[in-house]
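Chemist: Sharing a structure here in structure tokens format.
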2 protein chains.
Amino acid sequence: MEKTILLKQRPEGKPSMSDFEFVTEDSDFKLSEGEVLLETVYVSVDPYLRGRMSDAKSYVPPFELNKPIQSGIVAKVIETKNRNFEAGDFVSGLLSWKTKQVVTGEGLVKVDADKAPLSAYLGILGMTGLTAYLGLTQIGKPKAGETLVVSGAAGAVGSVVGQIGKILGLRVIGIAGTDEKIDMLKGKFGFDAGINYNTSTDIKADLAKEAPNGVDIYFDNVGGPISDAVLFNINRFARIIICGAISVYNETELPKSISVQPFLVKNSALMQGFIVSNYGEKFPEAMKQLSEWLAEKKLTYTETIVDGFDNIPNAFIDLFEGKNKGKMIVRV
Amino acid sequence: MEKTILLKQRPEGKPSMSDFEFVTEDSDFKLSEGEVLLETVYVSVDPYLRGRMSDAKSYVPPFELNKPIQSGIVAKVIETKNRNFEAGDFVSGLLSWKTKQVVTGEGLVKVDADKAPLSAYLGILGMTGLTAYLGLTQIGKPKAGETLVVSGAAGAVGSVVGQIGKILGLRVIGIAGTDEKIDMLKGKFGFDAGINYNTSTDIKADLAKEAPNGVDIYFDNVGGPISDAVLFNINRFARIIICGAISVYNETELPKSISVQPFLVKNSALMQGFIVSNYGEKFPEAMKQLSEWLAEKKLTYTETIVDGFDNIPNAFIDLFEGKNKGKMIVRV
């Protein structure tokens, strides 16, 4: 018997277990021509999935109720009627939260277990790395010597953004929620400075201290009061990459912040929403660069691996408590 | 005796007469080599001057206390020891609020009273026109068939933005504060639709009705709740030009709005602060285009002319009550 996780109801505020439903089904799979049978190996859980669980207008259609949830998955080919894939191949793609599934080959990418650990293809060599690299370079347009601030810095994307910032010659300041995370940013990932937003009594002032020349680039994963504090420190011609707003994803009332408009006009600053899928034509170049840096050990990464298919919803919910360090992945 | 208007104190909230001081001085002017004596003819009063009256960090230094206020002025050359100017010439430049003044020729531009009314050089052929044209084209990057929303649409910049939008083939919707202004937008300036924010009970819904295909470009002169309502209607890849935030210039507490970040990320949208002086190298091309359209009668403009040097502060204060239609100018 194989398992599937459905979206049972749209979360109100913070997602909870009752929003998900587990169903089991027979494991008697029949392949048509062109199809492959996949066994799930690693499942990526990501904050952006919260958006697809709502039915608000967005850049991707919402998940349907009583249908499987989908996310980035690395799977093993078990059976194949598609000449592009052999049994034993590993592939990554946007797949359903199922222990096994039959799909056409469309959108599947073969991944090489010898070149990097398979989970890396969901992280630093997957959407996470592409998001960090392309967001920072395409919108941030960094110049050596500038100052970069990253919020959600200990998260999957944030920790890669900071490292790329260092490679490109920036002063890098990370904002995260525990002293342990701050130590990791400075120790493991080479950030120049870190601010713990839970213990800081004045993020704005602490940032002014750590960014004496002001902030040129802000890679924003969180929104909310942390981003408000950064605005006070931006320089003329600052670039703000809005990659996520995890702090407000679960709000049921419309979140309020300080008005950004006066800050943008005073500083001729730019704020742009970033969605990695808009930059598909840059993926090959970005993947090449990330693989090189990874091979040269200029980039490293952290994963929080949770074991067991049944723990997928919990791992997802834990994202909003900041329980992950780096990329949150479920090993099936 | 000649008059000068000084900044006596920095306004708290809305500016008032007590923030300004009139002084008189002898009219015995002595010119050094390279200098000209100017007599003020037209004075531009603009919302952005409010920013320079505060001492907050901004893109231009604040006005100094007990020093003359400066703005765009058209003046007549009365006496000259500068070979570039003859007595009787008209010039425009950033000059002091004085009935007469001695300056070097630096930064002065000769203007031609035969080609356009002199006041136009403070408006449609001055910073106003350049701001409208360059903000819309450089950040807005309009494509025929798209939908443009303009706030502060009956103001100096807004009314030009809307007309340029129509020339470039956009659907143009203006937001303004009286039915009379809305009639002017649709009648005189050719806007497709207008929304009166004072009588609308739901700007967001009214805008959805007038922009059935969503909003691709938002030229924002006001900020605040009007801009919040526009955000709900933006399309994927929308461009938002932050040209001003008149609704919050006088706030003494930090203004709050809905958080823009989730809207920007959901729509891969861009929001950028626009300051015309950053685009100096584009001025000649822009002036050429604006002059052509004006000559072809594709562009028209409205001025609110107030008479008398002594009325400069009042005219400025009236901007924040929306008492002007189009460019507010004082004739001395």
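Please treat every number below as a calculation from the coordinates, not as lab data. None of the values given here were measured: they were computed from a predicted structure. FYI the Cβ positions are ideal-geometry reconstructions off the backbone, even for glycines, and counts take in every protein chain you see.
Chemist: Averaged across B:237-245, how many Cβ atoms of other chains sit within 10 Å of each residue's Cβ atom? Mind showing how you got there, number by number?
Modeler: On the way: counts 3, 1, 1, 4, 2, 11, 2, 3, 8.
Across the residues of B:237-245, the mean count of other-chain Cβ atoms within 10 Å is 4.
Chemist: Considering only the other residues whose Cβ falls under 13 Å of the Cβ of B:Leu136, what net charge follows from Lys and Arg at +1 and Asp and Glu at -1? Intermediate values should be presented prior to the final figure.
Modeler: On the way: positive: B:Lys141, B:Lys143, B:Lys166, B:Arg239, B:Lys282; negative: B:Glu146, B:Asp216, B:Asp220.
Around B:Leu136, the surrounding residues sum to +2.
Chemist: How would B:Met1, B:Met287 line up from fewest to most surrounding beta-carbon atoms within 10 angstrom? Spell out each step's value before the answer.
Modeler: Values: B:Met1 8, B:Met287 16.
In order of increasing Cβ crowding within 10 Å: B:Met1, B:Met287.
Chemist: Cα centroid distance between the stretch A:90-123 and the stretch B:1-39, in Å?
Modeler: 72 Å
Chemist: Additional query: When we measure straight from the Cα of A:Lys325, which lysines land under 18 angstrom away, once same-chain ones fewer than 8 places off are left out?
Modeler: Filter leaves A:Lys181, A:Lys186, A:Lys188.
Chemist: Just counting partner chain Cβ atoms within 10 Å, what average do the residues of peptide B:221-230 show around their Cβ?
Modeler: Details: counts 1, 1, 6, 2, 0, 0, 3, 3, 0, 0.
The per-residue average across the peptide is 2.
Chemist: Further, regarding this structure: Using r as the Cβ-Cβ distance of A:Phe320 and B:Asn314, and R0 as 45 Å, what FRET efficiency do you calculate, to the nearest 0.05?
Modeler: It comes to 0.25.
Chemist: Let me ask something else. Taking a label point 7 Å out from Cα toward Cβ, give me the nm distances from A:Asp28 to the same spot in the other copies, shortest first, one decimal.
Modeler: Nearest to farthest, the other copies are at 11.4 nm.
Chemist: Cα gyration tensor of the stretch B:189-244, axes a ≥ b ≥ c as square roots of the eigenvalues: rounded (a/c below 1.5), prolate (a/b > b/c) or oblate? The partial results should precede the final answer.
Modeler: Details: a/c = 1.31, a/b = 1.14, b/c = 1.15.
Since a/c stays below 1.5, the shape of the stretch B:189-244 is classed as rounded.
Chemist: Rounded, prolate or oblate: pick one for the stretch B:127-277, where a ≥ b ≥ c are the square roots of the eigenvalues of its C-alpha gyration tensor, a/c under 1.5 means rounded, and failing that, prolate if a/b is larger than b/c, else oblate.
Modeler: Numbers: a/c = 1.16, a/b = 1.10, b/c = 1.06.
Rounded.
Chemist: To the nearest 500 deg cm²/dmol, what mean residue ellipticity at 222 nm is calculated for chain A from DSSP H runs of n ≥ 4 alone, each contributing -39,500 (n - 2.57), summed and divided by the residues?
Modeler: Details: 9 runs with 78 residues, N = 332.
For chain A, the value works out to -6500 deg cm²/dmol.
Chemist: Under 15 Å from the Cβ of A:Ala75, count the other residues' Cβ atoms, weight Lys and Arg +1, Asp and Glu -1, and hand me the total.
Modeler: Numbers: positive: A:Lys3, A:Lys76, A:Lys98, A:Lys100, A:Lys110, A:Arg331; negative: A:Glu2, A:Glu35, A:Glu39, A:Glu79, A:Glu86, A:Asp89, A:Glu106, A:Asp112.
That works out to -2.
Chemist: How would you rank B:317-324, B:81-88, highest first, on the average number of other Cβ atoms within 10 Å across their residues?
Modeler: B:317-324, B:81-88
Chemist: To continue, here is another question. For chain B, modelled as a Gaussian network with Cα springs under 10 Å, which listed residue fluctuates most, B:Gly169, B:Gly93, B:Gly152?
Modeler: B:Gly169
Chemist: Given the options B:Val215, B:Ala154, B:Asn196, identify the residue whose Cα lies farthest towards the positive end of the charge dipole of chain B (+1 on Cβ of Lys, Arg; -1 on Cβ of Asp, Glu).
Modeler: B:Val215
Chemist: Now for a separate question. Please give the average number of partner chain Cβ atoms lying within 10 Å of the Cβ of each residue in A:271-278, rounded to a whole number. All intermediate terms of the calculation are to be shown ahead of the outcome.
Modeler: On the way: counts 10, 9, 16, 3, 5, 0, 1, 3.
Shielding by partners across A:271-278 averages 6.
Chemist: Sorted by average packing, counted as other Cβ atoms within 10 angstrom per residue and highest first, what order do A:137-143, B:120-126 take?
Modeler: Working: A:137-143: 17.7, B:120-126: 26.0.
Order by mean packing, descending: B:120-126, A:137-143.
Chemist: With a/c under 1.5 counting as rounded, go ahead and sort the protein assembly as shown into rounded, prolate or oblate using the C-alpha gyration tensor (a ≥ b ≥ c being the square roots of the eigenvalues; past the cut-off, prolate if a/b is larger than b/c, else oblate).
Modeler: On the way: a/c = 2.56, a/b = 2.12, b/c = 1.21.
Prolate.
Chemist: How big is the antiparallel share of DSSP beta bridges in the protein assembly as shown, given as a percent to the nearest 5? Intermediate values should be presented prior to the final figure.
Modeler: On the way: 72 of 126 bridges.
The antiparallel fraction comes to roughly 55 percent.
Chemist: For label points placed 7 Å from Cα toward Cβ, what is the shortest-first list of nm distances from B:Asp310 to its copies?
Modeler: Distances to the matching label points in the other copies: 8.8 nm.
Chemist: Looking only at chain B, where both bridge partners belong to it, what percent of the DSSP beta bridges are antiparallel (to the nearest 5)?
Modeler: Numbers: 33 of 60 bridges.
Close to 55 percent.
Chemist: Once the label point is set 7 Å along the Cα-to-beta-carbon vector, what list of distances in nm do you get between A:Lys204 and its counterparts in the other copies?
Modeler: 2.7
Chemist: Only four residue types carry charge here, +1 at the Cβ of Lys and Arg and -1 at the Cβ of Asp and Glu. Report the dipole size of the protein assembly as shown about the Cα centre in Debye, rounded to the nearest 20. If you can, show how the numbers build up before the last one.
Modeler: Values: 74 positive and 82 negative charges, 141 e Å.
Computed charge dipole of the protein assembly as shown: roughly 680 debye.
Chemist: Could you work out how far apart the two model spin labels at B:Asp55 and B:Val102 are, taking each label as a point 7 Å from the Cα in the direction of the beta carbon, and quote it in nm?
Modeler: 3.1 nm
Chemist: Taking a point 7 angstrom from the Cα of A:Lys30 along the C-beta vector, which residues in the stretch A:78-99 have backbone N less than 17 Å away?
Modeler: Zone members listed by number: A:80-81.
Chemist: May I pose another question? Rounded to the nearest 0.05, what FRET efficiency is calculated for A:Leu94 and B:Lys143 with R0 set to 45 Å and r the Cβ-Cβ distance? Working shown, then result.
Modeler: Details: r = 31 Å, r/R0 = 0.68.
After rounding to 0.05, the efficiency reads 0.90.
Chemist: Now a separate question. Give me the lysines in straight-line cross-link reach of B:Lys30: C-alpha distance below 20 Å, same-chain residues under 8 apart excluded.
Modeler: Straight-distance partners of B:Lys30: B:Lys3, B:Lys76, B:Lys81, B:Lys98, B:Lys100.
Chemist: Could you give the size of the charge dipole of chain B about its Cα centre, using +1 on the Cβ of each K and R and -1 on the Cβ of each D and E, expressed in debye and rounded to the nearest 20? Walk me through the numbers before you get to the answer.
Modeler: Details: 37 positive and 41 negative charges, 207 e Å.
The dipole of chain B has a size of about 1000 debye.
Chemist: While we're here: So what's the gap between the Cα centers of the stretch B:160-220 and the stretch B:222-287, to the nearest angstrom?
Modeler: Here the answer is 16 Å between Cα centres.
Chemist: In addition: Report the FRET efficiency, 1/(1 + (r/R0)^6), for B:Asp202 and A:Ser16, where r is their Cβ-Cβ distance and R0 is 41 Å, rounded to 0.05.
Modeler: Working: r = 33 Å, r/R0 = 0.81.
Computed FRET efficiency for B:Asp202 and A:Ser16 comes out at 0.80.
Chemist: Here's something else I'd like to know. Please list the helices of chain A that count as membrane-span-like by this rule: a mean Kyte-Doolittle hydropathy of at least 0.5 together with Cα atoms stretching 27 Å or more along the helix axis, each helix being a complete DSSP H run.
Modeler: Working: long enough: none.
Correct list, ordered by number: empty.
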